[in-house]
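**Student:** Sharing a structure below in structure tokens format, with a few things to ask.
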Amino acid sequence: MNILILGSGGREHAIAWKLNQSPKLSKLFIAPGNAGTAKIGKNIPIGVNDFESVKKSVLSESIDMLIVGPEDPLVNGIHDFFLNDPELKNIAVIGPQKAAATLEGSKEFAKEFLFRHNIPTAAYQSFTSDNLIEGYAFLETLKPPYVLKADGLAAGKGVLILNDLQEAKDELKTMLIDAKFGSASATVVIEEFLAGIELSVFVLTDGQGYKVLPTAKDYKRIGEGDTGLNTGGMGAISPVPFVNEEFLEKVHKRIIKPTIEGLNKDQLPYKGFIFIGLIKVGDDPFVIEYNVRLGDPETEVVIPRIKNDLVELFTAVAAGKLNSIELEIDERTATTVMLVSGGYPQAYNKGIEIKGIDQVDEESIVFHAGTQLKEQKILTNGGRVMAITSFGKNFREGLNKSYQNIDKIHFDNMYYRKDLGFDL
Ligand code: AMP
Ligand code: GLY
């Protein structure tokens with residue numbers, strides 16, 4: 001089978017790495033990919049939202065399956081584009097159609113879905129510029145901190161958490177009237193604040209059948225002790241050590257099952273990953289958000305723990321036969337540490353040579369993210385540069401192996417968090 005993966009991050013390298021272990025894989029393509037994916041497949045230099053160019057490559061390279069990494073092309077309807085094209089309609093696509101991808105594309109849509117299907121989540125109301133005054137009044141009924149969310153995709157930056165009522169009102173106005181996040185904040189969801197510990201669960205579904213994949217926790221802040229600006233993610237751990245069977249059972253019964261049933265009741269076809277962001281309040285799980293893809297860097301710890309052949313799993317998803325497969329999960333803990341460019345998540349330089357990757361021993365896996373191959377050299381090409389994944393009996397052992405191997409890697413202004421797991 002010939003497979004094309006859309007995307008260029010650590011998530012896509014991890015998926016490529018795993019697919020490459022399957023005897024069922026013939027040729028692997030990644031668009032646009034990075035220096036890591038270039039070593040195991042063929043990178044195609046096209047953008048993930050350039051559907052016409054994706055179509056050309058699918059036809060010219062005889063691709064049988066498309067795996068969509070990031071949310072953007074899903075929310076823009078790439079799956080529907082394939083279904084509506086006579087030449088593409090029989091190509092398997094892993095990733096939901098546009099209607100279901102709206103669970104990530106619109107926070108208001110996701111909240112309505114959660115309430116309609118009685119899935120635990122924070123109380124909310126949504127507002128537009130037409131009812132700004134009602135928005136102020138709703139804020140006055142809440143206790144601080146105040147949670148304001150741009151309805152649409154805002155590259156992970158659209159959520160504001162504010163302690164001061166006046167500041168919350170001012171920000172609401174800036175989002176609605178001054179388009180702080182462009183059209184993404186034309187609608188704003190205001191939520192009750194939930195205090196607890198965050199974690200994520202990942203589900204793979206063919207629409208009816210589903211498999212619950214390992215849990216993971218990521219570290220979003222740039223600074224040690226979870227301080228400073230939000231990033232895409234500075235590292236991750238799987239499984240989440242504070243999650244026990246009893247809690248997982250609650251997540252299954254109260255959240256995962258009603259989510260799949262809700263997709264069916266609402267006639268939202270779904271073949272792909274569901275990434276459910278949760279918050280554990282006391283001993284109870286609440287949904288913070290749905291994402292319609294895998295997380296990054298969570299993928300770099302979740303995928304290595306799956307023992308099944310990934311081509312087989314995806315083929316079963318495409319055929320609607322996921323229930324016939326038994327999922328096998330590695331019991332060990334996987335950890336990953338993200339190496340980033342100095343300055344990230346603000347301004348940083350690109351094109352810096354990375355040295356020492358070949359010194360990394362077999363205890364760790366190097367997943368490339370923002371890297372680029374140029375004249376045999378590996379150069380930085382983004383804020384998050386690479387994720388170093390290791391297994392251990394527990395997260396400490398895994399992290400130690402990653403940190404030992406990171407000592408062998410170097411690029412100017414390299415930064416990473418040395419305190420992952422500090423809160424566990
Ligand atoms: P989201 O983009 O919806 O995942 O929100 C980004 C981050 O804001 C989450 O990872 C949480 O840390 C925080 N957050 C979102 N909603 C809430 C809430 N209702 N209560 C507390 N924290 C929240
Ligand atoms: N690590 C969070 C995300 O992928 O959205």
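**Student:** Determine which member of the set F247, F202 is surrounded by 16 or more Cβ atoms within 10 Å (Cβ to Cβ), modelled with pLDDT of 95 or more and farther than 21 Å from Q97 by Cα.
**Tutor:** Just one listed residue meets the conditions, F247.
**Student:** Would you check which residues across region 1-30 are free of Cβ contacts under 8 Å to residues at least 40 places away in the same chain, in contact with an Asp or Glu (Cβ under 9 Å, 6 or more places away or on another chain) and buried (at least 18 other Cβ atoms within 10 Å of the Cβ) and list them?
**Tutor:** Selection gives F29, I30.
**Student:** For region 257-338, which fully contained helices (runs of 4 or more DSSP H) count at least 1 residues that are acidic (D, E) and more than 16 Å from ligand 2 (Cβ to nearest atom)?
**Tutor:** So the answer is 257-265, 310-319.
**Student:** I'd like the full set of residues that are out of contact with any helix residue (DSSP H, G or I) (no Cβ under 9 Å at 6 or more places or on another chain) and either under 15 Å from T205 (Cβ atoms) or surrounded by fewer than 14 Cβ atoms within 10 Å (Cβ to Cβ) (or both), limited to region 309-341.
**Tutor:** Once the filter is applied, which keeps residues that are out of contact with any helix residue (DSSP H, G or I) (no Cβ under 9 Å at 6 or more places or on another chain) and either under 15 Å from T205 (Cβ atoms) or surrounded by fewer than 14 Cβ atoms within 10 Å (Cβ to Cβ) (or both), region 309-341 yields E312, T315, V317, A318, A319, G320, E326, E328.
**Student:** Suppose we keep only residues that are without any contact (Cβ under 8 Å) to a residue 12 or more places away in the chain and either of a type in the set (D, E, K, R) or within 16 Å of ligand 2 (Cβ to nearest atom) (or both) within region 168-199. Which one would you say is surrounded by the most Cβ atoms within 10 Å (Cβ to Cβ)?
**Tutor:** D170
**Student:** I would also like to ask the following. Filter region 88-107 down to residues that are touching a helix residue (DSSP H, G or I) at 6+ places or on another chain (Cβ under 6 Å) and in a helix (DSSP H, G or I) and give me whichever is surrounded by the most Cβ atoms within 10 Å (Cβ to Cβ).
**Tutor:** Out of the qualifying residues, it is A101.
**Student:** Looking at region 59-73, I want the residues that are touching a residue at least 40 places away in the same chain (Cβ under 8 Å) and have a partner that is part of a strand (DSSP E or B) and aromatic (F, W, Y) with Cβ atoms under 9 Å, at least 6 apart or on another chain. Which pairs are those?
**Tutor:** E61/F29; I63/F29
**Student:** Still on this structure: Based on what the data block shows, is G207 under 21 Å from the mean Cα position of the chain (by Cα), more than 16 Å from ligand 2 (Cβ to nearest atom) and under 30 Å from K418 (Cβ atoms)?
**Tutor:** no
**Student:** Could you count how many residues in region 342-372 are within 10 Å of M386 (Cα to Cα) and polar (S, T, N, Q)?
**Tutor:** The number of residues fulfilling the criteria is 1.
**Student:** So, in region 193-219, exactly how many residues are of a type in the set (K, R), within 14 Å of ligand 1 (Cβ to nearest atom) and more than 14 Å from V337 (Cβ to Cβ)?
**Tutor:** Counting residues in region 193-219 that are of a type in the set (K, R), within 14 Å of ligand 1 (Cβ to nearest atom) and more than 14 Å from V337 (Cβ to Cβ) gives 0.
**Student:** Moving on. Do we have any residue at all in region 230-245 that's within 24 Å of A122 (Cβ to Cβ), away from ligand 2 (no atom under 16 Å from the Cβ) and under 18 Å from the mean Cα position of the chain (by Cα)?
**Tutor:** No, there is no match, as no residue in region 230-245 is within 24 Å of A122 (Cβ to Cβ), away from ligand 2 (no atom under 16 Å from the Cβ) and under 18 Å from the mean Cα position of the chain (by Cα).
**Student:** Filter region 262-296 for residues that are more than 16 Å from ligand 1 (Cβ to nearest atom) and among the acidic types (D, E); which is modelled with the lowest pLDDT?
**Tutor:** Only one residue fits best here, namely D283.
The values are calculated or read from the model by the stated rules, or taken from the named source; none is laboratory data. Bear in mind the structure is a predicted one, so any value in this text is a computation, not a measurement. As a convention, Cβ positions derive from the backbone with ideal geometry for all residues, glycine included, and neighbour counts pool all protein chains shown.
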